[in-house]
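The values are calculated or read from the model by the stated rules, or taken from the named source; none is laboratory data. A quick note: this is a predicted structure, and the numbers were derived from the prediction, not measured. Neighbour counts run over all protein chains shown; Cβ positions are idealised from the backbone, glycine included. Quick note on the areas: whole protein, heavy atoms, side chains included, nothing else; ligands and nucleic acids left out. Shrake-Rupley method; radii C 1.70, N 1.55, O 1.52, S 1.80 Å.
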Amino acid sequence: QVQLVESGGGSVQAGGSLRLSCAASGRRFSNYVMGWFRQAPGKEREFVSTISWNGGTSYYVDSVKGRFTISRDNAKNTVYLQMNSLNPEDAAVYYCAASSKYLARSISEYDYWGQGTQVTVSS
């Protein structure tokens with residue numbers, strides 16, 4: 001089992017920045033690919049970003065490329081999502097998740113999920 005706890009969400013004006021964190025406990029963190037997803041009201045949960053076991057490779061959905069950066073610190077069992085140039089379309093509940101599949105991008109490929117953290121962006 002892996003337990004995931006997100007933090008860092010909040011309210012920000014358009015153009016602002018937030019840094020989300022996801023702390024993991026349980027099984028060895030470095031064994032897992034980590035991902036970030038988001039879900040806006042009335043919409044399906046969507047993939048945002050994923051990072052490989054050692055942090056050497058990452059992938060982003062097109063809508064956040066150049067604005068969001070995923071990173072991880074295996075010594076701290078934590079994955080981060082730095083979000084810059086936020087716009088109202090980025091507002092959602094953000095979830096981190098853990099997968100045993102390399103650069104997994106679909107919900108079904110992730111085995112463990114956090115409870116989510118709310119991001120609100122005002123125009």
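Being hydrophobic (A, V, I, L, M, F, W, C) and open to solvent by 50 Å² or more (accessible area, probe 1.4 Å) is the filter here, so list the residues in the stretch 29-56 that pass it.
53
Check the stretch 86-109 and report whether any residue there is surrounded by fewer than 17 Cβ atoms within 10 Å (Cβ to Cβ), over 14 Å from the mean Cα position of the chain (by Cα) and without any contact (Cβ under 8 Å) to a residue 12 or more places away in the chain.
yes
For the stretch 59-79, how many residues are in a strand (DSSP E or B) and either open to solvent by less than 20 Å² (accessible area, probe 1.4 Å) or closer than 17 Å to residue 44 by Cα (or both)?
Summing the residues that are in a strand (DSSP E or B) and either open to solvent by less than 20 Å² (accessible area, probe 1.4 Å) or closer than 17 Å to residue 44 by Cα (or both) in the stretch 59-79 gives 4.
Among the residues of the stretch 17-28, are any open to solvent by 30 Å² or more (accessible area, probe 1.4 Å), touching a Gly at 6+ places or on another chain (Cβ under 8 Å), of a type outside the set (A, V, I, L, M) and within 22 Å of residue 106 (Cβ to Cβ)?
no
Quick one: in the stretch 110-123, of everything that is under 12 Å from the mean Cα position of the chain (by Cα) and β-branched (Val, Ile, Thr), which residue is most open to solvent (accessible area, probe 1.4 Å)?
Here the residue is 117.
Quick grid of which residues meet (1) out of contact with any Leu (no Cβ under 9 Å at 6 or more places or on another chain); (2) closer than 18 Å to residue 2 by Cβ:
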{"residue": "68", "(1), (2)": "no, no"}
{"residue": "76", "(1), (2)": "yes, yes"}
{"residue": "89", "(1), (2)": "yes, no"}
{"residue": "97", "(1), (2)": "no, yes"}
{"residue": "102", "(1), (2)": "yes, yes"}
{"residue": "109", "(1), (2)": "yes, yes"}
{"residue": "112", "(1), (2)": "no, yes"}
{"residue": "117", "(1), (2)": "no, yes"}
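What are the pairs, 6+ residues apart or on separate chains, where a residue within the stretch 16-29 that is within 26 Å of residue 123 (Cβ to Cβ) has its Cβ under 6 Å from a residue that is in a strand (DSSP E or B) and of a type in the set (A, V, I, L, M, F, W, C)?
Listed pairs, sorted by first residue: 18/12; 18/83; 20/81.
Does residue 25 satisfy being at pLDDT below 95, on the phi < 0 side of the Ramachandran plot and assigned to a strand (DSSP E or B)?
Answer is yes for this residue.
Say whether the condition of being at positive phi and among the small types (Gly, Ala, Ser) is met by at least one residue in the stretch 60-75.
yes
So is residue 82 among the polar types (S, T, N, Q), under 16 Å from residue 8 (Cα atoms) and part of a loop (DSSP other than H, G, I, E, B) or not?
Working: among the polar types (S, T, N, Q): yes; under 16 Å from residue 8 (Cα atoms): yes; part of a loop (DSSP other than H, G, I, E, B): no.
No; evaluated as a whole, the condition is false for this residue.
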